[in-house]
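Below you'll find the structure, written out as structure tokens, and then a few comments.
The values are calculated or read from the model by the stated rules, or taken from the named source; none is laboratory data. Owing to the predicted nature of the structure, the values given are computational and were not obtained by experimental measurement. The area values use the complete protein model at the heavy-atom level, side chains included, leaving out ligands, DNA and RNA. Shrake-Rupley method; radii C 1.70, N 1.55, O 1.52, S 1.80 Å.
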Amino acid sequence: MITVTSRQGLFDLALQHCGNAETAYDLAFDNGVSLTDDIAVGATFSNVPAAMNKDTVARYAAESIKPATAITTTEINNILETGEGIEFWRIELEFEVQ
């Protein structure tokens, strides 16, 4: 069984518990969720695919590594609303080339 910690998504969980991010697809399917779902802290997954890379899983466990790269839908929407950063700038309008 896997318990989600802060800012963990399915790819984080797959890497930590299976040693390979590709198992996120199986983890999602086997537990009836989508890869793009926001996963709540404390949520549990009981159907965990077999470890594909046991060395990675062992190292993460030994060093207490818990990948946490998830960004929520709300955070994405907030970023899109503010329109800040180079990905939102238009050349010669907000961004001037000199």
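Odds and ends about this structure:
- Descending semi-axes in Å of segment 1-53, equivalent ellipsoid built from Cα gyration tensor: 15, 11, 10
- Going by accessible surface with a 1.4 Å probe and the largest first, Glu81, Glu63, Glu22, Glu75 read Glu81, Glu22, Glu63, Glu75.
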